[in-house]
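Down below is the structure, laid out as structure tokens.
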Amino acid sequence: MALLAKPPELSITSDPPRRRRTGVLLALGMTVALLALCLLSAGLGAYDIPVGDVLGSLLHRTGLGGHALDRVGESVLWNVRLPRVALALLVGASLGCAGALMQGVFGNPLAEPGVIGISAGAAVGAVASIALGLTFLGNWTVAGCAFAGGLVTVLLVYALSRSGGRTEVVTLILTGIAVNAFAGALIGLFLFLADSAQVTQITFWQLGSLAQATWPKVLAVLPCAVVGLAVAPWFARKLDLLALGERPARHLGVDVERLRLVLVLVVALLTAAAVAVAGIVTFVGLLVPHLLRMAAGPGHRFLVPGSALGGALVLVAADLAARTAAQPAELPLGVLTALLGSPFFFWLLRRTRRRQGGWA
């Protein structure tokens, strides 16, 4: 199985100067590209707003000059476009960072947040709330149930895979696969019980979308994203040590069990929050960290924050393409990322197998 392949060795020393320079240049390039893409995404759509006017409105609202747009333009920009861009930034950064952490925890570049059932668990929570007509949190019921489902699932997977005070990576992965299958069956059952209107809502949510982005949703995901993204870089050095192997990491002072538990919870926080507001968006957590690792090396001091930045860039770009590629219709965001990510995953499997001389 590809996920069980031996991880590449990492050095506990600092990255070579060339790789550090590459990381700095990549970070600068992604930052500039992200800023430009955010401005472009805020302006493009069924109601086009020139980039200069977007900048002018932003400066006007912040009291730095600029000028206000007409009533329709201001409403479209501040009530529709900017919440969507902000949500894409938070969701993309959360998924990218979660993917880098997962690959570090499992010591394998083929891991991603869905491996241990977080996305599937969040999907079950959301689908159940829709099919059963739950409304105890008002408009936040679906998001709240999705978040709770993701957290409960990851705790369940961790508890089931723990034996003798330790958690083996292989057992964790296999337990996650079983939980994913069970979650898929539950989703199918809820779809069977739902009426036609609920089926439409569930299907749209499962495909992933930022079409319902609002400022309250941005504020709802913001605390989880900020906490997860702030905590993750503190574990970069320990992840580098863990990449040497569990035994060497323990000899170097790493509490491997505690590290895994904490990082799995951080991944659950980031992924469940993202799924709760955007639905299931796949392959961002797989594609972004691996591409950055290929370009700048395996050091997690760059890889963890770089993956957050790259994930935000990828999702803003994907959402812009989803909105504009088939106007006036809108492509589901999760479908678009899967169409682009699946061929990359297949190529990655072939590349890994060829380098290791097969998996048998």
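Every number in this text was worked out from the coordinates using simple rules, so none of it is lab data. The structure displayed is predicted, hence computed values, not measured ones. Cβ atoms come from the backbone with ideal geometry, glycine included; neighbour counts cover every protein chain shown.
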Per-residue HN-Hα couplings for region 126-141 [Karplus 6.51, -1.76, 1.60; θ = phi - 60°; Hz; x = Gly/Pro]: 5, 5, 4, 5, 6, 5, 8, x, 6, 9, 5, 10, x, 5, 9, 4
Residue-span extension gain [L156 to A178] - 0.36 nm each, minus C-alpha spacing: 6.8 nm
The chain: angle of helix 333-356 to the longest principal axis, Cα-based, in degrees nearest 10: 20
Distance cut-off 19 Å, percentage of C-alpha pairs in region 53-151 lying past it: 62
Cα→Cβ-extended label distance, 7 Å offset, between L28 and R354, nm: 3.3
Distance in nm between pseudo-label sites at E246 and R21 (7 Å out along the Cβ direction from Cα): 4.1
For region 41-354, size of Cβ-based charge dipole, Lys and Arg +1, Asp and Glu -1, in debye: 940
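Of the peptides 94-103, 290-299, how do they stack up when ordered by the mean number of other Cβ atoms within 10 Å, highest first?
Answer by packing, highest mean first, reads 94-103, 290-299.
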Label corresponding to Cα Rg over 2.2 N^0.38 Å when calculated from the structure given, among (1) 1.01; (2) 1.26; (3) 1.37: (1)
Ordering of 55-64, 74-83 by burial proxy (mean other Cβ atoms within 10 Å per residue, highest first): 74-83, 55-64
Ordering of 145-151, 320-326 by packing [mean C-beta count within 10 Å, highest first]: 145-151, 320-326
3J(HN,Hα) from dihedral phi, region 221-235, Karplus parametrisation 6.51/-1.76/1.60, rounded to Hz, x for glycine, proline: 7, 4, x, 5, 5, 5, 4, x, 5, 6, 6, 3, x, 5, 9
Sum of side-chain charges, M102 neighbourhood, beta-carbon under 12 Å (Lys, Arg +1; Asp, Glu -1): 0
Furthest towards positive pole of dipole, G297, G117, A185, structure part region 41-354, Cβ charges: G297
Square roots of five times the Cα gyration tensor eigenvalues for region 224-292, Å: 26, 14, 10
Local electrostatic count at V154 - Lys and Arg +1, Asp and Glu -1, tallied over other residues with Cβ under 13 Å: +2
Inter-label distance for S75 and L193, nm, one decimal - labels placed 7 Å from Cα along Cα-to-Cβ: 4.0
Zone of L134's modelled label, taken as backbone nitrogen in region 169-192 under 19 Å from a point 7 Å along Cα→Cβ: 180, 182-192
The chain: calculated mean residue ellipticity at 222 nm from DSSP helix runs of at least 4, using -39500 (n - 2.57): -24000 deg cm²/dmol
